[in-house]
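To start, the structure itself, in structure tokens.
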Amino acid sequence: MNAPAPVTAQPGPPLWLLAELTYRCPLHCVFCYNPVDFAHTPDELSTDEWLRVLREARAAGSVQCGFSGGEPLLRDDLEVLVAEAHRLGFYTNLLTSGVGLTATRAAALKQAGLDHIQLSFQDSTRELNDFLSHTRTFDLKQRVAAIIKDNDWPMVMNCVIHRLNIDYIGEIIDMAVALDAEYLELANSQYYSWAMLNRDQLLPSREQIERAERITNERRERYGDRIRIFFVVPDYYENRPKKCMNGWGNVFLTITPDGTALPCHTARMLPGLNFPNVRDMDVKRIWFESEGFNRYRGHGWMKEPCQSCPEKEKDHGGCRCQAYMLTGDAAAADPVCDKSPRHDVVMAAVARAQSDEVVVRDIPLVFRTPEESRRRPVLAIAPSADPAHEPR
């Protein structure tokens, strides 16, 4: 690849630190954003290494820290890390499936200073929740929701929406209200990593999206201020791409379990980029000086039609990972945009999703498991290929 494009303005600080503590997880969700080759991840950062990362990130200007995974509760040192983040002045957030959050552990996290918990559900019914996660966790999640409220934490409930559960969106909202969640994120699956492997089975039809939006708005009117509901449409049904991660290397800093620093969860897939590791470089230098973080900052790297587009300040050309997955070129216009010369690959996927004969019966769902990850160490995507139909 060419040398990194010059950055015309000094970026601000990495305000939002996502600490992906581990890729280990008891759930096997078919839409997981963890890399498909996670089973080959080297040793996780130690407690002392994570403590150093927290201090360096705070010194570099980070103010919010999310502890994620995998399942972060599988780290025995989670309370130690939360306590240090709290001492440093971070606003702390735990993103969890709930597995491992007992009353005793919740009390320890509360004492450590944890500010906020985001609890994931897969559906409003035991049957579908447990099927989609490939585990029996629905009843456990209900108990964890009560533990969260008992500790006076604000609770965000998250439910990834897709073809298999979108028709029950009203029931999902009703469940969130019954569990006294303050916020509900109904984020339609974005098609990266494991969700990309399962795209044909997961992408909803346009009719499903429109019906879900209508029901969501009806529930907003019904419940008023009792809950705030966020509904995110999948990129494939937009005419313009989203401002991915609020801009490459602009706000978000992800540290993976082995210490690799990334500007977004999935950037490691991009070829030809050298992403540094916190074991070799301090956070401030990573953020401001590294080639990987500077590659797609600004607009100098853009090709047409993005370079001359009047909307490039709004969307920064969209998602680099999505551009690479769908075109084989990370510097291409995000094909979600209807100005992209490869918008056809998105339209083809959308057209398939309108049919009742989607190939769900012909292609089994691929569940996120270590065994599956070892069997498929790389999601190989050829330029201009249709990743949803690669050999499995």
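What is the one condition in (1) touching a residue at least 60 places away in the same chain (Cβ under 8 Å); (2) open to solvent by 20 Å² or more (accessible area, probe 1.4 Å) that Asp334 does not satisfy?
Against the list (1) touching a residue at least 60 places away in the same chain (Cβ under 8 Å); (2) open to solvent by 20 Å² or more (accessible area, probe 1.4 Å), Asp334 comes up short only on (2).
Name every residue in region 170-206 that is part of a helix (DSSP H, G or I) and either without any contact (Cβ under 8 Å) to a residue 24 or more places away in the chain or small (Gly, Ala, Ser) (or both), in order of residue number.
Our first condition is that a residue be part of a helix (DSSP H, G or I); within region 170-206, this holds for 170-178, 193-197, 199-202, 206.
If the condition is that a residue be part of a helix (DSSP H, G or I) and either without any contact (Cβ under 8 Å) to a residue 24 or more places away in the chain or small (Gly, Ala, Ser) (or both), then Gly170, Ala176, Ala178, Ser193, Ala195 are the ones that fit.
Of the conditions (1) assigned to a helix (DSSP H, G or I); (2) in contact (Cβ under 8 Å) with a residue 40 or more places away in the chain; (3) over 30 Å from Met302 (Cβ atoms), Ala57 clears all except one; give me its number.
With respect to (1) assigned to a helix (DSSP H, G or I); (2) in contact (Cβ under 8 Å) with a residue 40 or more places away in the chain; (3) over 30 Å from Met302 (Cβ atoms), Ala57 is out only on (3).
When you scan region 43-65, do you find a residue that is within 30 Å of Leu128 (Cα to Cα) and either out of contact with any His (no Cβ under 6 Å at 6 or more places or on another chain) or open to solvent by 20 Å² or more (accessible area, probe 1.4 Å) (or both), even just one?
Within region 43-65, not a single residue is within 30 Å of Leu128 (Cα to Cα) and either out of contact with any His (no Cβ under 6 Å at 6 or more places or on another chain) or open to solvent by 20 Å² or more (accessible area, probe 1.4 Å) (or both).
Which condition number in (1) over 21 Å from Ala349 (Cα atoms); (2) at pLDDT below 95 is the one that Leu197 fails?
With (1) over 21 Å from Ala349 (Cα atoms); (2) at pLDDT below 95 applied to Leu197, the lone miss is (1).
Kindly list the number of the only condition in (1) assigned to a helix (DSSP H, G or I); (2) open to solvent by 30 Å² or more (accessible area, probe 1.4 Å); (3) among the basic types (Lys, Arg) that fails for Arg163.
For Arg163, the exception is condition (1).
Listed here are the residues, each with its yes/no results for (1) in contact with a His (Cβ under 8 Å, 6 or more places away or on another chain); (2) not hydrophobic (A, V, I, L, M, F, W, C).
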| residue | (1), (2) |
| --- | --- |
| Glu207 | no, yes |
| Glu218 | no, yes |
| Pro241 | no, yes |
| Gly247 | yes, yes |
| Cys264 | no, no |
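Can you pull out every residue in region 238-254 that is open to solvent by less than 30 Å² (accessible area, probe 1.4 Å) and either of a type outside the set (A, V, I, L, M) or within 30 Å of Val177 (Cα to Cα) (or both)?
Taking region 238-254 and keeping what is open to solvent by less than 30 Å² (accessible area, probe 1.4 Å), we get 241, 247, 249, 251, 253-254.
Passing the criteria: Pro241, Gly247, Gly249, Thr254.
Looking at (1) surrounded by fewer than 17 Cβ atoms within 10 Å (Cβ to Cβ); (2) modelled with pLDDT under 95; (3) not basic (Lys, Arg), which one does Val358 not meet, given that it meets all the others?
(1)
So how many residues does region 129-151 have that are farther than 17 Å from Ala103 by Cα, open to solvent by 30 Å² or more (accessible area, probe 1.4 Å) and not charged (D, E, K, R)?
2
Hey, can you tell me all the residues within region 279-307 that are in contact (Cβ under 8 Å) with a residue 24 or more places away in the chain and more than 24 Å from Pro241 (Cα to Cα)?
Arg279, Asp282, Val283, Lys284, Ile286, Trp287, Phe288, Ser290, Glu291
Return only the number of the condition from (1) in contact with a Ser or Thr (Cβ under 8 Å, 6 or more places away or on another chain); (2) closer than 30 Å to Gln354 by Cα; (3) without any contact (Cβ under 8 Å) to a residue 40 or more places away in the chain that Ala323 does not satisfy.
Single failed check for Ala323: (1).
Tally time: how many residues in region 19-42 are over 10 Å from Pro257 (Cα atoms) and either open to solvent by 40 Å² or more (accessible area, probe 1.4 Å) or not in a helix (DSSP H, G or I) (or both)?
Total meeting the criteria: 14.
Which of the helices (runs of 4 or more DSSP H) contained wholly in region 276-358 include at least 3 residues that are β-branched (Val, Ile, Thr)?
Values: elements: 283-289, 291-294, 312-315, 320-327, 343-353.
The helices (runs of 4 or more DSSP H) meeting that bar are 343-353.
Yes or no: region 193-208 includes at least one residue that is within 22 Å of Asp225 (Cβ to Cβ) and either open to solvent by less than 10 Å² (accessible area, probe 1.4 Å) or β-branched (Val, Ile, Thr) (or both). Quick ask: steps written out before the conclusion?
Applying the first criterion (within 22 Å of Asp225 (Cβ to Cβ)) to region 193-208 yields none.
Scanning region 193-208 turns up no residue that is within 22 Å of Asp225 (Cβ to Cβ) and either open to solvent by less than 10 Å² (accessible area, probe 1.4 Å) or β-branched (Val, Ile, Thr) (or both).
Determine whether region 297-311 contains at least one residue that is farther than 17 Å from Pro11 by Cα, in contact with a His (Cβ under 8 Å, 6 or more places away or on another chain) and open to solvent by 20 Å² or more (accessible area, probe 1.4 Å).
Within region 297-311 (the criterion being farther than 17 Å from Pro11 by Cα, in contact with a His (Cβ under 8 Å, 6 or more places away or on another chain) and open to solvent by 20 Å² or more (accessible area, probe 1.4 Å)), the answer is yes, since at least one residue qualifies.
From the list Pro257, Pro271, pick out the single residue that is on the phi < 0 side of the Ramachandran plot, surrounded by fewer than 16 Cβ atoms within 10 Å (Cβ to Cβ), in a loop (DSSP other than H, G, I, E, B) and not charged (D, E, K, R).
Values: Pro257 fails: surrounded by fewer than 16 Cβ atoms within 10 Å (Cβ to Cβ).
None of the others qualify; the one that does is Pro271.
The values are calculated or read from the model by the stated rules, or taken from the named source; none is laboratory data. Since we're looking at a predicted model, the values are computed, not measured. FYI the Cβ positions are ideal-geometry reconstructions off the backbone, even for glycines, and counts take in every protein chain you see. Side chains included, ligands, DNA and RNA excluded: accessible areas come from the protein's heavy atoms. Shrake-Rupley method; radii C 1.70, N 1.55, O 1.52, S 1.80 Å.
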